[in-house]
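The values are calculated or read from the model by the stated rules, or taken from the named source; none is laboratory data. Because the structure is a prediction, the values reported are computed rather than measured. Here the Cβ positions follow ideal geometry from the backbone for every residue, glycine too, while neighbour counts run over all protein chains shown.
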Amino acid sequence: MAIGSGIFLIALGAIMAFALNESVDAVDLELVGYILMGAGVVGIIISLVLNRQRANTTHREVKEEHVDEHRRNIDS
């Protein structure tokens, strides 16, 4: 889940929890809003942790050199 999806879930949950005055018999819309906001926060945290791990990698360059021993002995 990307950061944008988490923000979307938080916004949708806030609308459902605070702005709706409708009621549905079998569903508590306020509770669903809080659940969506929590899922959005968890999604953002997971996304930030994964991005941090991806950016914290190190790269090593291996360079092979050919040393000509015969040429080295002539130069000395």
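Residues that are charged (D, E, K, R) and at pLDDT 80 or above were ranked within segment 61-73; the one that is nearest to the chain's Cα centre (by Cα) is GLU61. When segment 1-34 is filtered for residues that are at pLDDT below 90 and either within 20 Å of the chain's Cα centre (by Cα) or under 23 Å from VAL49 (Cα atoms) (or both), the ones remaining, listed by number, are MET1, ALA2. Name the residue that is surrounded by the fewest Cβ atoms within 10 Å (Cβ to Cβ), counting only residues in segment 22-36 that are hydrophobic (A, V, I, L, M, F, W, C) and either farther than 23 Å from GLY6 by Cβ or in contact (Cβ under 8 Å) with a residue 24 or more places away in the chain (or both). Of everything passing the filter in segment 22-36, ALA26 is surrounded by the fewest Cβ atoms within 10 Å (Cβ to Cβ). Applying the set (1) modelled with pLDDT under 80; (2) in contact with a helix residue (DSSP H, G or I) (Cβ under 7 Å, 6 or more places away or on another chain) to VAL41 leaves exactly one unmet item: (1).
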